[in-house]
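The values are calculated or read from the model by the stated rules, or taken from the named source; none is laboratory data. Just so you know, these numbers come straight off a predicted model, no measurement behind them. Glycine gets a Cβ as well: all are built from the backbone with ideal geometry, and neighbour counts include every protein chain shown. When the accessible area is computed, the model is the full protein with side chains, heavy atoms only, and any ligands, DNA or RNA have been set aside. Shrake-Rupley method; radii C 1.70, N 1.55, O 1.52, S 1.80 Å.
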Amino acid sequence: MEQYIISGGKPLIGEVEIGGAKNAALAIIAAAVMTDEEMLLENLPDVKDVNLLLQAIQDTGIKVERIDRHTVKINASTIHSYRVDYEYIKKMRASYYLLGAFLGKAGKAEVALPGGCDIGSRPIDQHIKGFRALGADVEISNGMVYTYADHLYGQHIYMDVVSVGASINVMMAAVLADGYTIIENAAKEPHVVDVANMLNRMGANIRGAGTDVIRIRGVEKLHGCEYSIIPDQIEAGTFMFAAAATRGNVLVRNVIPKHLEAITSKLREMGSTVMEYDDAVHVIASDVIKSTHVKTLPYPGFPTDMQPQIGVTLGLSSGTSIVIESIFETRFKYLDELARMGADVKVEGNLAIITGVPEYKGAEVSAPDLRAGAALVIAGLAAKGYTIVDGIKYILRGYERFDEKLRALGANIAVVTNEREIIEFKYKVV
Ligand code: UD1
């Protein structure tokens, strides 16, 4: 089993280049299959989730040609099946974007129903409500979602909860529908805008993405295009908090600073200096991390995907902080692991009370999910002594060359698979 071993206590110093946004890439790959013409996608992150989805679409007959590590050509003219099995969904729930994409393209889709996951129950009722409103039949049986439509018609749809997944899925289903669709109470996340921008480039007519009302005028056909995915705000935010927690100084390049505003403003409240440039942010940590309160919210609020990273950093602050998780109910599991490193934490439902300690002490900890795993790596980088992070398969779902990028910033981190490699690592870093 692969693990990260970290010898902590060194500030991160230097520059890091951020890759394409995983969560945008997943939806964009699904949208790219909606035309039979060739699509060229650039700035795709080379991470497990993205590669799994590419595999899933290949299994339906779609041609995927990798041009280089971050560029693929997709040609869906050879598609022969509109089915995605549980094997994919259980590994990567965003395969559900193929429901909206296939339904919009061909009027049919059979995709395994995603279950709950490590961060809580994640229903898809709003996706289904949207598909039905557009005129599709949706049936759930034997763990599959079956959806069919002879014809899709534009509709006025009100989302009961702000959902990134449902907004994107329903938007994809509506782009080739007859007439005008309005999605109210839509999610405003940068990845929703990115998918809309690409669909528009393919010939769709979508207005208002990035606001809470998305208006879609159905078109007859979509065509191929070239599209470059936006930078990953969560990867960027992870390095920004890693800089703060290790009292480092890091220039985070290839970002859209506007997408990072919630993160930047919390870091400033916590005492870091954050300078914004056109496509970079520079984080200079302060020696004393100030406590603060934070509540996760849909964009432009503080992202749920950054909650573990800020939590770990607040655990080293000079006071007591309250963290409220309002999107997913079981996203505090990492705090039990952090407590094993000496953190002072108390969880009450969706609220965590974190009282800062002067330092963490290295321990063996387990990554409970993707972002929590990255946060435990941050804790290890800041901690005194050696930390071993188990379950790095989760981290590899969403971070490309994570350990390599951290090493370039001066971190002592390596992937190890057995006791001998652990001893060798310890021998090398002393
Ligand atoms: C969420 C994040 C997104 C992040 C992604 C990956 C929000 C609003 N969304 O998106 O920024 O990139 O995780 O980790 O922060 N819900 C329903 N019914 C539905 C769909 C969702 O009740 O049909 C609820 C969910 O349980 C959750 C909330 O709505 O409480 C937001 O879910 P949603 O935005 O769909 O989640 P993701 O698309 O996974």
Normalised contact order of the range 319-389, rounded percent, pairs of Cα under 8 Å and 6 or more residues apart: 31
Accessible area (Å², per residue) of the range 129-271, counting only protein heavy atoms and a probe of 1.4 Å: 38
Estimated FRET transfer efficiency when R0 is 25 angstrom, pair Thr273-Ile322 (beta carbons, to 0.05): 0.55
Aspartates and glutamates whose Cα lies under 18 Å from that of Lys221, excluding same-chain neighbours fewer than 8 positions away: Asp36, Glu37, Glu38, Asp150, Asp178
Residue-averaged 222 nm ellipticity for the chain, from DSSP H runs of 4+ at -39500 (n - 2.57), nearest 500: -9500 deg cm²/dmol
Inter-part distance where the range 320-338 and the range 391-429 are each reduced to a Cα centre, Å: 25
Simple label model, 7 Å out from Cα along Cβ direction - Tyr158 to Glu15, nm: 5.1
Proximal charge balance of Val357 [Cβ under 12 Å; K/R count +1, D/E count -1]: 0
Hull-based mean projected area of the range 233-387, where the convex hull spans the alpha carbons, in square nanometres: 7.6
0 to 90° range, to nearest 10: angle between helix 22-32 axis and the chain longest Cα axis: 20
Cα gyration tensor shape of the chain, rounded if a/c is under 1.5, else prolate or oblate by comparing a/b with b/c: prolate
Rounded, prolate or oblate (a/c below 1.5 giving rounded, otherwise prolate when a/b exceeds b/c) for the range 319-361 by Cα gyration tensor: oblate
Degrees between helix 97-106 axis and first principal axis of the chain (Cα, 0 to 90, nearest 10): 20
Euclidean distance of C-alpha centroids, the range 12-27 and the range 153-228, integer Å: 24
17 Å Cα-Cα reach of Lys63 towards lysines, excluding residues that sit fewer than 8 places from it in its own chain: Lys73, Lys105
Surrounding net charge for Asp125, when Lys and Arg each add one and Asp and Glu each subtract one, Cβ distance under 15 Å: +2
Dipole magnitude of the chain about its Cα centre (Cβ charges: Lys, Arg +1; Asp, Glu -1), debye to nearest 20: 500
Which listed pairs, of Lys48/Lys108; Lys188/Lys295; Lys48/Lys361; Lys48/Lys258; Lys333/Lys384; Lys22/Lys405, have C-alpha distances above 19 Å, in listed order: Lys48/Lys108; Lys48/Lys361; Lys48/Lys258; Lys333/Lys384
Acute angle (nearest 10 degrees) that the helix 370-382 long axis makes with the longest principal axis of the chain, alpha-carbon atoms: 20
